1. Connecting C-alpha atoms closer than 10 Å in a GNM of the chain, tell me which of 172, 37, 158 has the biggest fluctuation.
2. Using the Cα centre as the reference, give the magnitude of the dipole from point charges on the C-beta atoms of the stretch 165-221 (Lys, Arg: +1; Asp, Glu: -1; all else neutral), rounded to the nearest 20 debye.
3. Considering only Cα-Cα distances, which of the following residue pairs are longer than 25 Å: 160/204; 178/229; 99/160; 204/229?
4. When the chain is treated as a GNM, springs tying every alpha-carbon pair under 10 Å, which of 176, 157, 39 comes out with the largest mean-square fluctuation?
5. If you take every residue apart from residue 198 with its C-beta less than 13 Å away from the C-beta of residue 198, what net charge results, scoring Lys and Arg +1 and Asp and Glu -1?
6. Do me a favour and compute the ellipsoid semi-axes for the chain from its Cα gyration tensor, root of five times each eigenvalue, largest one first, whole Å.
7. What helices in the chain pass both tests, a Cα length along the helix axis of 20 Å or more and a mean Kyte hydropathy of -1.0 or higher, using whole DSSP H runs?
8. Restricting to DSSP H runs of at least four residues, report the calculated mean residue ellipticity at 222 nm for the chain, -39500 (n - 2.57) per run over all residues, nearest 500 deg cm²/dmol.
Amino acid sequence: MADNWAEGRIALVTGATSGFGEAMARRLLAAGGHVIATGRRTERLENLAKALATERLLTRELDVTSEASIAALLPSLPSAFEAIDILYNNAGLALGLGKAHEASLSDWETMIATNVTGLVRITRAVLPGMVARNRGDVLNLSSVAASYPYPGGNVYGATKAFVRQFSLNLRADLIGTKVRVTSIEPGMAETEFSVVRFAGDQEKADNVYKGVHAMSADDVALVCESVLKLPAHINVNTLELMPVQQAFGPFAVDRG
Ligand code: NDP
Ligand code: 8X3
């Protein structure tokens, strides 16, 4: 029998044109939910809409680095999609893996604008409705990079640490409401993430996952689905996940 756990729920998914966002949108729709799928690449959104062919999917162009783009989103929603009760705050990126003293400042600024400012603005726009309706789930895509530093992770890891702490602080503010917040913290998952990080260099991106059974986008969506399906009185604050073939290294020591 079909598990229609998302029936009657309306989800806003940022970054639904690939990877985790697209996989989550597909899962939500398969479970009977309404989904507003967003991203900058409108052709991808159109293809998704054509492939899934359901009135429960609405697509909207959205650039989370643009205040105007975010401001235009909610007023543009038809009534059947207005009462958002799942916010899948996923749009994000890593750019480069250079050392801090060599990395591109412009890449740093783009990561902050997308992963931090964009996520904060979307949250601020959607949260009042959730609180007014006294229902909702906010899933913020952080990363293992929030907790574990690695060479070249500099600003990317710092943006994800922001997402984690912002999520926990939202919990502090939302006490007394039924709105839940979770910081999702995946490790290695094979999506377009590394292609973006390495500026389109597919070979470099492929090498990241070589010989590793990395998580897929749908693996991460499966875990997120399990969080959303929990009884309403349980809040998962942070959820860290990795492929079995990924773990931790030793501290670096300079023996001079
Ligand atoms: P993808 O590159 O496959 O997807 C990223 C998504 O973010 C795309 O849909 C892209 O859409 C969207 N996006 C990027 N910039 C913007 C923007 N300015 N405005 C709107 N949308 C934007 O990567 P993943 O699916 O892997 O990544 C999703 C999230 O998960 C990110 O926040 C990432 O940091 C995080 N993450 C990824 C991990 C991994 O190993 N893959 C592990 C841990 C966390 P478009 O370009 O069309 O706008
Ligand atoms: C993506 C995972 O380890 O490349 O957030 O930073 S990692």
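Every read-out reported here was derived from the displayed coordinates using simple, explicitly stated rules and does not represent laboratory data. Predicted model only: the values in this text are computed from it and were never measured. Positions of Cβ are backbone-derived with ideal geometry, glycine not excepted, and every protein chain shown enters the neighbour counts.
1. 172
2. My answer is approximately 360 debye.
3. Checking Cα-Cα distances, 204/229 exceed 25 Å.
4. Among 176, 157, 39, the largest GNM mean-square fluctuation belongs to 176.
5. -3
6. Output for the chain: semi-axes of 30, 20, 19 Å.
7. Helices meeting the criterion: 119-133, 154-174.
8. -11500 deg cm²/dmol
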